[in-house]
Every structure is written in structure tokens, then in C-alpha cells.
1. Which one is farthest from Phe213 (Cα to Cα), of the residues in the range 168-192 that are assigned to a helix (DSSP H, G or I) and among the small types (Gly, Ala, Ser)?
2. On the basis of being modelled with pLDDT of 90 or more and at negative phi, does Ser239 make the cut?
3. Give the range 49-95 a look and list any residue that's assigned to a loop (DSSP other than H, G, I, E, B) and touching a Gly at 6+ places or on another chain (Cβ under 6 Å), or say none.
4. Tell me the residue from Leu32, Leu98 that is outside any loop (DSSP other than H, G, I, E, B) and farther than 30 Å from Gln217 by Cα, please.
5. Tell me, which residue of the range 193-218 that is part of a helix (DSSP H, G or I) and of a type in the set (Val, Ile, Thr) is farthest from Lys284 (Cα to Cα)?
6. Tell me, which helices (runs of 4 or more DSSP H) wholly within the range 101-167 include 1 or more residues that are under 15 Å from the mean Cα position of the chain (by Cα) and surrounded by 21 or more Cβ atoms within 10 Å (Cβ to Cβ)?
7. Give me the residue from the range 3-19 that is surrounded by 11 or more Cβ atoms within 10 Å (Cβ to Cβ) and not in a helix (DSSP H, G or I) and, out of that set, farthest from the chain's Cα centre (by Cα).
Amino acid sequence: MRVYPDHLGKHLNQPANQAGLNYFLIFGDEPLIRQESQQQVMAFCRQQGFDEHHGFVHEANFNWDQVFDCANAMSLFASRQIISIQIDKTDKTITDALLQLAQLNNPDTIIIVHGNKLSMQQMKAKWFVAMDKHGLYVPCQHPDAKFFPVWMSKRLQAAQLSCRQDVTQFMCRQFEGNLLAASQEIEKLSLQFKQQTLTLAQVEANITGHTHFGIFQWLDTLFAGKNNRAERMLQQLKSEGTELILLSGTLNSEVKKLLTYRYQYQAGEPLSVIFKKAKLWQSKQALISQVLNRLSVAQLEQIYAQCGQLDRAIKTQYGQDNWPLLQLICVLFQGQHSPIQPVFEPIHL
């Protein structure tokens, strides 16, 4: 069963939801949310009488026998135990071992498996499905941009800090993509201004910004047509030393996919079928539908051609600053709403 982190505490506190929880799957790319979700789950387990904890981190030459020895042995000091395993990848050895653990379903043992974000294919694996059937899956991702101000407001309120909307918006700009840094700075503000109403001047004078964006966060913003925000994210990636060739290559690959989807749609294939064949996440489907609806075939072909020009320029014109060309490509993503238009000579993909 999937339970989102902001509802996890409430879900675990309801007696009707507490029976039969033998597995917790905590995965995602946001370290702070993952850490706090694990803490909530550990606190819940201890309230239920699971006092002994064995923690494992999967590394090279990992010995699964140690895990199974714990899972199969009675606790020396308590009747109930917690086994937590951190995994950062999956291969056949790992998935076989996890499936074996999933089949134990021992009421005196709770197993927590945690790590970075899983792909859709990994979530369809037998071990995941089996554990999910007898437990909870907690996806730990950064809040979507439109919900980030709500997250920030709740965080400030929890630290007994009140503020106006301009302060919340400023904090969001400073810490988007880096919740751990946001949490640390809010804690610092709480020590200085607890139970006070924060002003923008106080916040500006007392925090250090730690905005961080990933390449795919930038792409999602670009595809959503939020050009100002995408430009801000691009400048941040540039300042962090992200290689232009990496941005160009990733963008080129994603635009090629968009154009492929558009040609397939043009040929009469339903988007639902296209997305299913491409194995796109549900949330990603909405974003791709949005960009396909906003940009015509001709506009996508122009963007793809410009991406090719950028790629060639990076590889052949070593002394030239090619960042402005990437910025120009970003502007093209704004587009205008246009119906599906026929194209008679598709670009060869």
C-alpha cells in the first residue's frame, strides 16, 4: 500500500492500519524526507514492541546470510525485532534475497528496505509486490513546485515560526531542491526567532541559500512551459559546474522521444497506448501530454534541429560559448497552444 510521507504519521496512528504491517519500503531521491520517514517508522515499530534493531547496508561482497540469520533466529533480548536494509541498486542476487525475505512474513519481525528512487520496472518485481502486499510503500520525493510553499509553511510553523507570504516565497527560492539545507536553516532561525513573526529582512540576513536542481527537474520545468523558472534552474546548474555537453545530450534525447510520441499520435495512435509502450510514469504522462498539446510538430522539429546544432557546436567549436544557444532552445519551449498539425516529411529519428 502506498502512503505518502506527509500522511505517514496519521496513517500509522490509526489502530485499524496497524495490524499486519511486516514490511516498510522507503525509497526516493529526497534524503531529508527519506530520513524522517524512516524515523517515523522506527518510532512506530518500537511503540508496537519491536525493541531490537539490526541494520544492514548493501555493499560489495555483502553477506546475505547475516540477514537471514537474524530473520530466522529468535531475538536474544526481545521477542520482536526490526531488520533494516539499505540498497542502492538491484540485481538478481539482491532481488532473489529480497523475495526470500518477503516470503518469511514473520509477525515477530518487521523488515524495512530503503534506498534511492525505484524505477517502475523495479516496483513490478516479485519481491516488491510481495512486501507491499503485507506492508507500506513510502515514496520520498521532493515536493512538486506548486506544493513546495505549503511544505515550507508547515515546516516553519512546526518550528514555532510565523511569517508572511513573501518570506515563504523567499525561502522556497533559496532552498528548492535541497530540503535538508532548508531544515537546517529553519532550525537555526528557530533558535534565534522562536515564537516570533519573521520578517524578510531577518531571513535575508540570517540564512545561507542552498538551492539545488537536478537535470531532470530542469527538463520537467522546461516541458511545463515555465520558462522563467527553467532559466533560473539552468543558471544554477551552470554555476554548479554542470557540463554543457551533459545538458545538451540529455535534452536532445528527451526531445527525440517527444517528437517520436508526436509522430505516433499524428499517425492515429492513442496517447494512452503510446505512454504504455514507453512505460511512462503516471505523473510523467500528464507532463508529456501538456508539452505535446502546447507545441506543434513543426515547433518540436525546430527544437530538435536546434538541439542537433548545439550538439555539433559543442563538439567542434571548443573555444565558443554555446550556453546562449541552449538558452535560445529553452525559449522555444514556451510555444503556443496549437492543434495537431500534419507533417509530410518527418525528421528521421
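The values are calculated or read from the model by the stated rules, or taken from the named source; none is laboratory data. The model shown is predicted, which means the values in this text are computed figures rather than measured ones. Cβ placement follows ideal geometry from the backbone for every residue including glycine, while neighbour counts extend to all protein chains displayed.
1. Ser190
2. Taking the combined requirement at face value, the residue does not satisfy it.
3. Within the range 49-95, Arg80, Ile87, Asp88 meet the criteria.
4. Leu98
5. Val203
6. 148-158
7. Going through the qualifying residues, I end up with Gln18.
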